[in-house]
Each structure stands twice: as C-alpha cells, then as structure tokens.
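Visitor: Below you will find the structure I want to go over with you.
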Protein chains: 2
Amino acid sequence: MTIEFQHSDRTQDALRASHLYYLQDLTMEAIARELGTSRSSVSRLLSYARETGLVDIQIKSPLDQATVVSDALHRRFNVVAHVVPVPDQTTDVDRLDRVALSAARILTQFVDSNMVIGVAWGSTVSAISRYLVPKATHGSMVVQLNGAANTRTTGIVYASEILRRFGDAFGAQVQQFPVPAFFDDPDTKIALWRERSTKRVLELQESMDVVLFGIGAADALVPSHVYSGGYLERTDHESLLHDGVVGDVATVFFREDGSSSDITLNRRASGPDFATIRRAPRRVCVVAGTSKVAGLRGALAAHLITDLILDESTARALLAGQSDEGPS
Amino acid sequence: MTIEFQHSDRTQDALRASHLYYLQDLTMEAIARELGTSRSSVSRLLSYARETGLVDIQIKSPLDQATVVSDALHRRFNVVAHVVPVPDQTTDVDRLDRVALSAARILTQFVDSNMVIGVAWGSTVSAISRYLVPKATHGSMVVQLNGAANTRTTGIVYASEILRRFGDAFGAQVQQFPVPAFFDDPDTKIALWRERSTKRVLELQESMDVVLFGIGAADALVPSHVYSGGYLERTDHESLLHDGVVGDVATVFFREDGSSSDITLNRRASGPDFATIRRAPRRVCVVAGTSKVAGLRGALAAHLITDLILDESTARALLAGQSDEGPS
DNA sequence: AACCCCCGTGCACATATGTGCACGTGTAGG
DNA sequence: CCTACACGTGCACATATGTGCACGGGGGTT
C-alpha cells in the first residue's frame, strides 16, 4: 500500500541531479553516490538537463548598471539592447555564430505559453534555430513571416526546417506560409491574399506576441538569403538602388530613414507590412556584423525593434553614427 | 570624439565573463584571453557573478512530468511542491541545511520589485537567510511577521539579523516588528495593536505579496525557537496540549484539522492571524524533517500554503498519511 | 536458439576548474 | 618618508569535469 516513488524516467534523474548540482552545490561525485551511479553518468545527465532546457541559466545585467553600450543604445534608439561580447577581429562567420548562440538562449526568456511567435527565415534566424534551447510551452504557435519559394526552388525544405526547429524547441504548432518570397506579379499576391488559407496566416501574423527577424542587407559579408539566393533579378537590384533602399526585414524593404512607401518591390514582397510587425509587443531583431549597420539604422528608424541582440562591434558602429532617433 | 567603452567596474567584467561562459560556452581559458587576464581571475569572476546573482540558474520541472511526489502533493493538497532531494539517512541538521540552500535559490524566483515580503524568523527561515542569492529589486519591502522578544532577551539582534539579510539580498527596505513573541497579557497586545506605529506594520502585513515561513513543532529534533527559546512557560505547554495543538506558523498555533479558534495562547501571540496570511497570493512554507509533518498537515488544512519546499522524506511521510484534503 | 544492433554504462585518460600562496601595488596612518 | 594593511593578481597544484572506448544486456530478426 506504499505509494511508488519510481524514477524510471531519465528526465527524473536529470532533474534530481540538476537540483543537487545547481541548487545544492554538490560535486558530481557526491551526486553519483546519491543516485547510485557513476560520476560520468552524472556528468552526462547534467549535459542532458542543460540541452533539454531542464536547467535554465540567465544573465541579468542589473538594470541600473547595464553596460555603457547597451545603455547608450537604449537612450539613442529606445530599444532594450543585448550586446553580445565578441572580440573585434572575429570573422563575420564566427561572429554570426556566437551572436546566434547567445540570441537563442536569450530568446527562450521571451517565449511562453499561448504565444504566437513570428519568425523570419534568413541566415541569421537560421543560425539561431540551430541553437535553440527547448522550453516546454502549451498552446504556442510559430508562424512564418514571409514566403520562401523562388525561381529555383520552392524553398520549402529550407524554411520549414527552420520553422520546425522552433516548433520543436517550444512545443509549438507550426504555421508555414507556402508562397513565393517575391511574386512576379503584384496582382497574384493580391489575389492570393484573398484566399482563406492565406488569410489564416495573415491573421496569425496580426496577433503575434513575439517576432524574430534579422536584417537583410545587400552588402553583408555573409550575404543575406534574399540577395544571394536567386530571389531577385538584376532589374530588381537596380530598382532597389533607385529607391534608396538600405535593407529589408522579412522581404520588405526600407530606406535609411525607415520609410518604405513607394518602394516598387514591396508590392511583390510576401512579408508582413511594418504596421503588422509593430503590432507585436515584443520585436526581436538579431544582427551580427557591421555590414548590416545601415540596414539596422533603417529598421530602428521604422520602429520595428523593441529588443535588439547584436555583437559589440556592430553596436559601436551603430552608435558611431551621428543621427539621433531618440525615444518617440 | 570616440565614445568611451570603459568597463572599469568589476561587475562589468563579471557580466561579460558570464555571458561568454554561460551563453557562449567558451572555456575559461578562452575568456581569459578575451579579457586579457588570467584563467584564475576568470574563475573568480564567475564565482562572483554567481554569488552576486548576476547569473541565475533555475531548474524547471516540466509541469507535465513533474516528479511523482511533487505531483501527488499537488493533487492531494493543492500546493506547488518543490521537493528537495536529500538522502534518507541524512541527519536532521544537514537536512535543514540542504533544504534551506535550495529554498533560498528557489525563493529568488518569487521575489520581484515593489513587493511586500513577509518573513518569519524561526530556525528554518534563519537557515534560509544565510544562503540568499542577491537579486536587485526596487521598492520592495521586507516585513517581520511576528515579534521576537521574550523573557530572556529582546530577540531583536537575532531577528533583525535575519531580516537584514533578506533586505540586503533583495535591496529591500526592512520593517521590523519590535514586540514580544508572546505577550503576558492579551490586553497589552490589544492596546499595542491600536498604536499607530504598530498599525503601520500590521497594514504592511495585510498587503504582503509573498510570505515565507516554516512550521513550528514542539517535538522537532531541531527544536523550533518558539518551543525552546524561553518563550513559553510550563503552563503554556500544558495549555497547548490541552487545546490539541500540533504546530504553529509565526507564533500562531493550530490543530491538525487547521482550526485555530479558541486556542488560548493565540490571544497572546504576536503573529498575524491566518486570514492575513491567506491574503498573500504566494505563501511559501519551508519544511525539513519528518518531525514537522503533523504540524505541516495542519498548516495545509488551514490553507496557509501555496508553495511548499520540503525534503523528500518529509514529502513521503506527508503523503503516507491517509487524510485527503483535496483542492478546495 | 543464435545473431546482431542499439543503448546505456563505467573506466581511464585528457581537460577544465578551483584555490592556497606569495607577490606587487596603492592607500591611509604614523 | 616609512610602515602597515587591504586587495587583486598569477602561479602551481589539487580537484572536478568531459569524453573516447570497450563492454554487456535487452529486444528484434533470421
């Protein structure tokens, strides 16, 4: 008639080990004894617990003494900045990786149950998706921000892989958006936008709680997908140049001052317009590498960003510019 | 004209090191190179960051697969249980210590800015106070639940030391309650309760967001202060026995069924009545050692507890009893 | 039944981390 | 100016942790 206290599950052991290790400061040796197993197994249990998100490690920069840089960003652009320390001479590839790793872990804190999470699928978001720390939530939904198909591929595999990673990590349902990144004919877009299946996605986008995106920039050293993946024609590039575009967010282009009206290509873009993005209370932008500064500046001017995760050099480059935006 | 990015502060280094270590998985060696210091200093920086609460490590038992025990407690008593793994043969002193360590770290998660935090000052809470992890908050207030003076000492030093630790850890103001634990004459209490200085404390207690307390039990192996510290006379003990008391929370006694009416001694107790405690949305009870099970059962019956932190054996002992409380 | 594959385990070794100690620097006081 | 002291640093060593490898026990297949 005794109640059974089996800890059959590997997770149970991991939980217990984590508690003993992180909450009671026992050594792995001691934990091994309590669990009746070998020290190495404990080491593995703990890695498992970390990978699985059973253990969650957060860094809290005391708000009153945040770093000078992040503080300056807050004052200048009215965003919460998470500055990722990366040595200056790091290559842009490594830089992206390190920023993505940090971003993935920071992102976890923003996600919770019953949220609608919009994600783009550029190289930045893709990198992040590889490092996501699982967090169990209920009733959440991951929605794709913009289409992925281009003239060479449907892009589905690539984009859906990214989406799937997000869905897996947060136990969320995934809503794909199976349309081209850019339409050939704006009228097709208009027509498709009237379809009920499309509308469902658009409505989800309207109710996003969190949006995650990078910045597209033509001259990034790690080229953004949109500019290198066969999505745009030569004439498109010329059109962008002509319209004074400095970058894009989820296929929607903008100028350095944040304006995006009368940019021809936007009529064919599949991404959400900026009003939709701004409707989300938390809008997380991740940027690695100074080549995206101009674009970033535009996105800030457009008030697309509430939380900015970026590497240190980029933060400096951003601050080095003179134009003040100030809290609106 | 370059902006200065000094990281003069030790905290800044610690923050950066923590980011690199916990968010980017760099080795301390690598961090030392980036910071231009020795590996040992990095090790020290990281300890500093942990002690200081710059880094916050949480264990999240996925709600859908919480341990069997904590789950059973939830169903049986409608509390969120945090079961601290402790080997069965541990002495009660060690047991208290380990539970207190875990409790201190769990407690951090419950505290936030602008909260009123009520704390008792028994041996359990005292142990917890020694392990608190600092967490910067603003506008918080720590309020003492019950008086501490007795016939031998004013108790002020002891209780205030505990209170101070809480205040320090959370950057909170401290509100002491300089009255006897038990009055000799109930009328003195009534009179004093009308004083404005007393009323201020009582009002604070009415608006507590979090309460932290242990369980007092006469037969605990690590004797509760109230029963051993010269607070009660022989006749008092007899009176308690006569009234069927199984324990107390902050000097207020109750029976196994949770009732506390007509317990003579309560008229002389300085602690808040149970209605006041129940007004707090989060009521954290910490218990180590099976000798307190009877008392704990009473406190549960009185609905004094929303969050229960206890060691494993005690949890089992609690469950081993047959009486069901069930969600109310 | 015999076989094989998958998985979890402990061992032994390679790394990574923690810490006593001695040194050097800066500051307050004599 | 000298002395004393507090504090932070790196070194060297002691511990603690991570990981490749080989072993062995289910469970499914032939």
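Visitor: Name every residue in region B:288-306 that is out of contact with any Asp or Glu (no Cβ under 6 Å at 6 or more places or on another chain) and more than 24 Å from B:S261 (Cα to Cα), in order of residue number.
Guide: B:T290
Visitor: For A:R33, all conditions in the list (1) within 16 Å of DNA strand D (Cβ to nearest atom); (2) touching a helix residue (DSSP H, G or I) at 6+ places or on another chain (Cβ under 8 Å) hold save one; what is the number of the exception?
Guide: Checking A:R33 against (1) within 16 Å of DNA strand D (Cβ to nearest atom); (2) touching a helix residue (DSSP H, G or I) at 6+ places or on another chain (Cβ under 8 Å), the one that fails is (2).
Visitor: Taking region B:138-153, which residues are crowded, with 18+ Cβ neighbours inside 10 Å, assigned to a loop (DSSP other than H, G, I, E, B) and at pLDDT 85 or above?
Guide: Hits for region B:138-153 are B:S140, B:L145, B:N146, B:G147.
Visitor: Then there is this: On the basis of being facing chain B (nearest Cβ under 9 Å) and over 23 Å from the mean Cα position of the chain (by Cα), does A:R16 make the cut?
Guide: Considered against the rule, which asks whether it is facing chain B (nearest Cβ under 9 Å) and over 23 Å from the mean Cα position of the chain (by Cα), A:R16 comes out as yes.
Visitor: Taking region B:108-132 only, how many residues are closer than 23 Å to B:A269 by Cα and not hydrophobic (A, V, I, L, M, F, W, C)?
Guide: Residues flagged as closer than 23 Å to B:A269 by Cα and not hydrophobic (A, V, I, L, M, F, W, C) within region B:108-132 amount to 5.
Visitor: Anything in region A:31-80 that is surrounded by 15 or more Cβ atoms within 10 Å (Cβ to Cβ), away from DNA strand C (no atom under 16 Å from the Cβ), more than 21 Å from B:R105 (Cα to Cα) and of a type in the set (S, T, N, Q)? List them, or say none.
Guide: A:T67, A:S70, A:N78
Visitor: Report whether or not A:L26 is over 21 Å from the mean Cα position of the chain (by Cα), more than 30 Å from A:H303 (Cβ to Cβ), within 11 Å of DNA strand D (Cβ to nearest atom) and in a loop (DSSP other than H, G, I, E, B).
Guide: For A:L26, the condition - over 21 Å from the mean Cα position of the chain (by Cα), more than 30 Å from A:H303 (Cβ to Cβ), within 11 Å of DNA strand D (Cβ to nearest atom) and in a loop (DSSP other than H, G, I, E, B) - is met.
Visitor: Tell me whether region B:51-66 contains one or more residues that are of a type in the set (D, E, K, R) and within 11 Å of DNA strand D (Cβ to nearest atom).
Guide: no
Visitor: Looking at (1) facing another protein chain (nearest Cβ under 9 Å); (2) away from DNA strand C (no atom under 12 Å from the Cβ), can you tell me which one A:T11 breaks?
Guide: Condition (2) is where A:T11 drops out.
Visitor: List the strands (runs of 3 or more DSSP E) inside region A:40-123, counting only whole elements, that have at least 2 residues being within 11 Å of chain B (Cβ to nearest Cβ).
Guide: Those strands (runs of 3 or more DSSP E) span A:55-59, A:80-84.
The values are calculated or read from the model by the stated rules, or taken from the named source; none is laboratory data. What you are looking at is a predicted structure, and each value in this text was computed from that prediction instead of being measured. When we count neighbours, we look across all protein chains shown, and the Cβ atoms used for this are built from the backbone with ideal geometry, even at glycine.
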